[in-house]
Amino acid sequence: MHTLDLDRMAVRDVNQRLHSDAAGTDTDQRYEILNPMGRHAIAVGLDHPFDVTVRGHAGYYCGSMNKEATVTIDGNAGVGVAENIMSGTVHVTGYASQSAAATGHGGLVVIGGDASARCGISMKGVDIVVGGSVGHMSAFMAQSGHMVVCGDAGESFGDSIYEAQLFVRGSVESLGADCIEKEMGPEHVETVRGLLERAGIDADPAEFRRYGSARQLYNFKIGNIGYY
């Protein structure tokens, strides 16, 4: 395992090292990053199946634009963790700030604790599993993918949702525009079970409720002309 110490190296240099090694200069694919101390943009844009562990709290956009790598943040993460993830895994063992996994196209994002507001906004295929609760406007304009929330969801959950599937074990403060509760069939229980297993979270998938689009905002309606 390679050790990269942010007390001795700049974030730019750490990221450059990871990208250089991905280009074939090193066959060792395991890294640990020490002393992150809330610094921003750590381990961004990785496009190789590296295993990177950040030993401590990270700032904004840690693990963003990830492709193929497994990034573990052994602590809390700031705004935009795993933003625009394409594939691979980003795992926050602690809590995440706003806009976690925003615009994610694929891969898996796991948050051990709570996620703040706007978790999973405009998600486009990413799978998100939150061990705690999510804040207001989470899954806003969620287009595809899955969000599993083991705790509660804040107000306007799933506002203006498209075809993402949302699962919540606890309470939902309020649903956003065009988001409704849907039947939780056996196939949905198995979907949740699989995601929980991938995330390493022990919870009963049968305790979750499913939410999705009522499909009432897809087309222009003349009766709503006054609201446009």
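The values are calculated or read from the model by the stated rules, or taken from the named source; none is laboratory data. These figures come from a predicted structure and were not determined experimentally. Neighbour counts run over all protein chains shown; Cβ positions are idealised from the backbone, glycine included.
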Review point. In this structure, does SER20 turn out to be surrounded by fewer than 21 Cβ atoms within 10 Å (Cβ to Cβ), hydroxyl-bearing (Ser, Thr, Tyr) and more than 25 Å from GLY132 (Cβ to Cβ)?
Key: yes
Exercise for review: Would you mention how many residues in region 133-164 are over 20 Å from THR191 (Cβ atoms) and either hydrophobic (A, V, I, L, M, F, W, C) or within 14 Å of the chain's Cα centre (by Cα) (or both)?
Suggested key: 5
Check your understanding: Just one of the numbered conditions (1) touching a Phe, Trp or Tyr at 6+ places or on another chain (Cβ under 8 Å); (2) closer than 21 Å to TYR60 by Cβ is not true of PHE167; which one?
Key -> (2)
Review point. So which of GLY170, GLY194, GLY212, GLY200 is without any contact (Cβ under 8 Å) to a residue 12 or more places away in the chain and under 21 Å from the mean Cα position of the chain (by Cα)?
Key: GLY194
Check your understanding: Here are VAL149, VAL129, VAL92: which of them is among the β-branched types (Val, Ile, Thr), surrounded by 21 or more Cβ atoms within 10 Å (Cβ to Cβ) and over 26 Å from LEU18 (Cβ atoms)?
Key -> VAL149
Review point. Would region 1-12 turn up any residue that is buried (at least 17 other Cβ atoms within 10 Å of the Cβ), assigned to a loop (DSSP other than H, G, I, E, B) and under 17 Å from the mean Cα position of the chain (by Cα)?
Key: no
Practice item. Please go through region 204-223 and pick out each residue that is part of a helix (DSSP H, G or I), touching a helix residue (DSSP H, G or I) at 6+ places or on another chain (Cβ under 7 Å) and either closer than 15 Å to VAL130 by Cα or not assigned by TED's automatic domain parsing to the domain that holds ARG169 (or both). Key: PRO205
Revision key, fill the gap. In region 36-84, anything out of contact with any Ser or Thr (no Cβ under 9 Å at 6 or more places or on another chain), within 18 Å of HIS19 (Cα to Cα) and not in a loop (DSSP other than H, G, I, E, B) is listed as none
Review point. Within the set of pairs 6+ apart or on separate chains, which have a first residue in region 215-227 that is at pLDDT below 75, a second that is in a loop (DSSP other than H, G, I, E, B), and C-beta atoms under 9 Å apart?
Key: PHE220/TYR228
